[in-house]
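Just below is one structure, and these are the notes that go with it.
Just so it is clear, none of the values below were taken in a lab; they were calculated from the coordinates. Values in this document were obtained by computation on a predicted structure and should not be read as measured data. Ideal geometry is used to build each Cβ from the backbone, glycine not excepted, and the neighbour counts take in all protein chains shown.
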């Protein structure tokens, strides 16, 4: 089929705004999936996605659709024919969470149009706006639509006004659909064919017209066939006969299979310009395939497509096996996961208390949660995940810059000249009634508030800058609580800024416990110190001697509590008699405890250590 009969599009929607359900109805209407084989969220193939109701990995699908006659043409004009025109509709169902914004950005490069889908019961959300901006920057045609119009709580007219103000379009341009009932889905498909332009070849230098380029917008890993890349053919045509190359990774391979998604993989002889499909590479090495790379002919490699970035982790956590016997299994599991998700990194580390494990970098908190959950489910591993941390840039007085991923990498206080930390730019959308409480939360978390704007039905958008460490410190939970769950949040990583933070150490029996160290804001160091000491005081079992639990920062003890010694009844065998005999035994016990205290080392049980490391316990 000619490329002018192809329409590549994506769906932009907040989590739980109905995009997977809408995609199901599209598959049904176009008869891509037989009705008897239909199940909810067909394109969400991971068990974790179905359980959480969110899309983590992008699942493309190719649909054949016959447009209504006398309504649609390739250039948007009316057709004067009675014969229906058949089109290929390629849908990429993108992740809705901001942690995966890089995946979304590359998916948007693979399409020419996007459906802006907004829940009629919730209205426009902050993350939807951030992805919409990315779509506008990519020059996509936007088709606005309101979903869940069948809900008794739908505010269709109010939500259409919100969308109209954001896009600057007329209300008549905004479609109304229900993924549940199928209402409006045919009209939406017709609009895709009418509005979304057909794909065009990327411009090339003179003499480069015979080559091939494909944009990798996702990939997966198969135990039998290795890495399978998902590509949008940008220039030329590709078949199994050609030897191919990853432009960025500089790795050559011979394709085992080429095909399209229906939504199951369907082998084909070739993929032509404008098409979306897959290539089975046979490569079984981690780190070769990456989202945003370009695949080209090995014999005549064209220049790589612009815009590639290597996603850099912003959140770090240590992962240890509960049993050291599983260390090798954990390493193999992480390597397997990295074959299908190159956006996280890991390196080996060791702890005196937990043994050998890995320091792992993630794109965000949800990304961390998904990877750790997959380790538990897919590989049946019992793992310990430490409290997440971020990356700091520490400049010493001798002008040396250190990148610190954990508090233990901080130099001594007297050697530090300045510390920089990552900031984020956030956008909050909330009902205006909660504005006062939200402002208090922003102040508490050291945010610098920028602009605010009221739009739609009594809703306010607030823009602010906030340190990433504060965003991770329960900010979103507090925001949801203060707004009764109605506020939404989006964020993008900003620049590194100077930070007024200090390292807080915890001492037990006057000995530093490195794993309990943390980096905290100087203005909140006393509060954090008291909380940590109180928590450990309540968790730590009594020792054979009096045990001091202390929190130390900026060269002094900030908080301290004393755990009394575990006493044995040394006079229990005496029946009556002179009290002096009992006093002698008590005095002897006291001296013994004193000696133990002088040379004693506290025993911190494994369970106590875990509860201190894990937040919220």
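Data for the structure
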{"quantity": "Percent of alpha-carbon pairs separated by more than 23 Å within the stretch 219-346", "calculated": "37 percent"}
{"quantity": "Using alpha carbons only: equivalent-ellipsoid semi-axes of the stretch 315-385, gyration tensor based, whole Å", "calculated": "18, 13, 11"}
{"quantity": "Distant alpha-carbon pairs in the stretch 392-498 (separation over 22 angstrom), percent", "calculated": "41 percent"}
{"quantity": "Average silhouette area of the stretch 489-532, convex hull of alpha-carbon atoms, in square nanometres", "calculated": "4.8 nm²"}
{"quantity": "Inter-site label distance for residue 158 and residue 202 at 7 Å from Cα along Cβ, in nm", "calculated": "4.5 nm"}
{"quantity": "Sorted by Cβ density within 10 Å, fewest first, the residues 129, 413, 244", "calculated": "413, 129, 244"}
{"quantity": "Potential lengthening between residue 28 and residue 458 on full extension [0.36 nm per residue; Cα-Cα distance subtracted]", "calculated": "151.0 nm"}
{"quantity": "Cα gyration tensor shape for the stretch 456-575, rounded if a/c is under 1.5, else prolate or oblate", "calculated": "prolate"}
{"quantity": "Distance in nm between pseudo-label sites at residue 396 and residue 222 (7 Å out along the Cβ direction from Cα)", "calculated": "5.2 nm"}
{"quantity": "In nm, spacing of pseudo-spin labels at residue 377 and residue 83 (7 Å Cα→C-beta vector)", "calculated": "4.8 nm"}
{"quantity": "Exposure proxy ranking, count of Cβ atoms within 10 Å, fewest first, for 469, 299", "calculated": "299, 469"}
{"quantity": "Ascending count of other beta-carbon atoms within 10 Å, so fewest first, for 118, 519", "calculated": "519, 118"}
{"quantity": "Cα-based Rg / Dmax (Å) for the stretch 281-401", "calculated": "17.4, 55"}
